[in-house]
1. Of all residues in the stretch 250-262, which are of a type in the set (Gly, Ala, Ser) and in a helix (DSSP H, G or I)?
2. Determine whether Glu87 is farther than 18 Å from Trp120 by Cβ, without any contact (Cβ under 8 Å) to a residue 12 or more places away in the chain and acidic (Asp, Glu).
3. Quick test of your reading of the structure: Trp120 fulfils all but one of (1) outside the structural domain of Gly288 (by TED's automatic domain parsing); (2) within 18 Å of Leu52 (Cα to Cα). Name the failing condition by number.
4. If I go through the stretch 181-202 residue by residue, how many of them are closer than 17 Å to Tyr238 by Cα and out of contact with any Lys or Arg (no Cβ under 9 Å at 6 or more places or on another chain)?
5. Can you go through Lys214, Lys247, Lys233 and tell me which one is open to solvent by 70 Å² or more (accessible area, probe 1.4 Å) and assigned to a loop (DSSP other than H, G, I, E, B)?
6. If I go through the stretch 120-150 residue by residue, how many of them are buried (at least 24 other Cβ atoms within 10 Å of the Cβ) and outside any loop (DSSP other than H, G, I, E, B)?
7. Residues that are within 18 Å of Val128 (Cα to Cα) and more than 16 Å from the ligand (Cβ to nearest atom), at least 1 per element: which helices (runs of 4 or more DSSP H) completely within the stretch 1-112 meet that?
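The values are calculated or read from the model by the stated rules, or taken from the named source; none is laboratory data. This is a predicted model, so every value here is computed, not measured. Note that each Cβ is placed from the backbone with ideal geometry, even for glycine, and that neighbours are counted across all protein chains shown. The protein model used for the area step is the full one, side chains on, heavy atoms only, and it has no ligands, DNA or RNA in it. Shrake-Rupley method; radii C 1.70, N 1.55, O 1.52, S 1.80 Å.
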Amino acid sequence: MANHQVSIKKIGVYTSGGDAPGMNAAIRAIVRVGASIGIETLGIYNGYVGLLENKIQSLQIRDVANIIQRGGTILKTGRSLDFHKLEIRKAAAQILRFHGIDGLICIGGDGSFRGAHALWMEHQIPIVGIPGTIDNDIFGTDLTIGFDTAVNTALSAIDRIRDTADSHDRVFIVEVMGRNSGFIACHVGLAGGAEDIFTPDINATVEKSIERIKDSIKKGKRSSILITAEGQKPGRAYDLAESIRKKSGIDAKVCILGHIQRGGSPTAVDRVLASRLGSAAVDTLTKGFCDIMIGTEGPNLIQVPLELATTKEKRSPIELVQLSQILAI
Ligand code: ADP
């Protein structure tokens, strides 16, 4: 964690990397909490791409009306390869200074936070991060904005798939998002009554899964649902289905949920979380702290150094996989 000596009068806010439902609720909170203590908020559009293109506009309290229930991000988002370059970040710092921005709030994932940390280290621009990603893969926080919504979206799809699986006595493999993280898979798997859950960082074997399916058939169960995280290579569910077919002759159907998990109206959990994080980020900046992410630990908000949040790995909750297997007998 770092301290800054700047009296914050103007905050810049941007969303970066993958969009997540609830980002708008965080933007709304930042603008309105800021306004309540005399701080102006400037919206930076399209993440680091828009910052470099000077796409920056003042946000008034009415500009963030009617967005708390909307998925996506009104500020748009973006990915910039250029931002990895030292001289490009120097140009970005000059643009921020030109606008009189004395503090930044970055809503995004660990990649976005690496860029934010670099801006503080290299140009002493005070920055606070808000974790916004459906993957919930950021170290140091129990929850990220968008995770709860994505889990509920995937779950409602799985409930429908279960109807078909049950009617046809079928095995279904459902692939959910999460990149290298298995958080969505583990939560959706347990909540959806899955027989097994595959994630990139938990060593589940196809053989064990087949045994479990065969055992459940013996016990009178006619349909099964397996959940897999996408991993680095979306489409992994097809490889899994092929492997199950080769090893057991069982013909598993595949359903890849894909981007529907990203969109949609944020759940109450995400709206409340985003509003609290947005408010705390403004508070933190104005109290002179920066280079930190605001995270959650149980019901509490906590401050986590950005460097920790970007360098440490958050492991998937293996205990949920084990419980799911026990419960799916
Ligand atoms: P997320 O924030 O969701 O993890 P990305 O990993 O795509 O998404 O990162 C978003 C953007 O953050 C990248 O397009 C890039 O502009 C910036 N970024 C990522 N890593 C770094 C880095 N090491 N240094 C500077 N900028 C970075």
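1. Gly258, the sole residue that qualifies.
2. no
3. Trp120 satisfies all of (1) outside the structural domain of Gly288 (by TED's automatic domain parsing); (2) within 18 Å of Leu52 (Cα to Cα) except (1).
4. 3
5. Lys233
6. 10
7. It comes to 23-36, 86-98.
Here is a yes/no grid of residues against (1) touching an Asp or Glu at 6+ places or on another chain (Cβ under 9 Å); (2) in a loop (DSSP other than H, G, I, E, B); (3) surrounded by 18 or more Cβ atoms within 10 Å (Cβ to Cβ):
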site	(1), (2), (3)
Ile197	no, no, yes
Ser209	yes, no, yes
Ile225	yes, no, yes
Tyr238	yes, no, no
